[in-house]
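**Q** If you scroll down you'll find the structure; I have some questions about it.
The values are calculated or read from the model by the stated rules, or taken from the named source; none is laboratory data. Remember, it's a predicted structure, so these values are computed and weren't measured experimentally. Here the Cβ is made from the backbone with ideal geometry for all residues, glycine too, and neighbour counts use every protein chain on show. Please note that ligands, DNA and RNA were not included when accessible areas were found on the heavy atoms of the full protein model with its side chains. Shrake-Rupley method; radii C 1.70, N 1.55, O 1.52, S 1.80 Å.
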Amino acid sequence: QVQPVESGGGLVQPGGALRLSCTATMNTLNLADMGWYRQAPGKQRELVATINSGGDRIFADFVKGRFTISRDDAKKSVYLQMVGLQFEDTAVYYCKITQGMMDYWGKGTQVTVSS
């Protein structure tokens, strides 16, 4: 069974940085789209960034150049580098891998921005 596992969340001060990682237990990431989503308390889950198998990236408007997404298919991993973190970035961050018609979600990693 495919299970993405996130790591790298934590507590950071405003203006700080974090790097989230997601590693999938699956045979191959060929043709898989990978992405990061987040859900803040009381809000709906929203897209943060995605990267497809060709390396094309999509970012939410609120990222504003602060986050970068990358993938390493050999390691079956996707990464989210975040800098300039703000209070409103506080949320649980989820990894999603889409392969064929199937979506696979991780259980999430908490990111808290607080002074």
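**Q** I need the full set of residues from segment 103-115 which are hydroxyl-bearing (Ser, Thr, Tyr), touching a Pro at 6+ places or on another chain (Cβ under 7 Å) and not in a loop (DSSP other than H, G, I, E, B), in order please. Full working, then the answer.
**A** Step one: of segment 103-115, the residues hydroxyl-bearing (Ser, Thr, Tyr) are 104, 109, 112, 114-115.
Filter again for touching a Pro at 6+ places or on another chain (Cβ under 7 Å), leaving 104, 115.
If the condition is that a residue be hydroxyl-bearing (Ser, Thr, Tyr), touching a Pro at 6+ places or on another chain (Cβ under 7 Å) and not in a loop (DSSP other than H, G, I, E, B), then 104 is the only one that fits.
**Q** Continuing with this model, one more query. Just name the residue that is modelled with the lowest pLDDT out of those in segment 13-38 that are open to solvent by 20 Å² or more (accessible area, probe 1.4 Å) and among the hydrophobic types (A, V, I, L, M, F, W, C).
**A** My answer is 31.
**Q** Another question, then. With respect to residue 49, is the statement that it is open to solvent by less than 20 Å² (accessible area, probe 1.4 Å) and within 20 Å of residue 82 (Cβ to Cβ) true? So that I can check it myself, show each step before the final result.
**A** Details: open to solvent by less than 20 Å² (accessible area, probe 1.4 Å): yes; within 20 Å of residue 82 (Cβ to Cβ): yes.
Spelling it out, residue 49 is indeed open to solvent by less than 20 Å² (accessible area, probe 1.4 Å) and within 20 Å of residue 82 (Cβ to Cβ).
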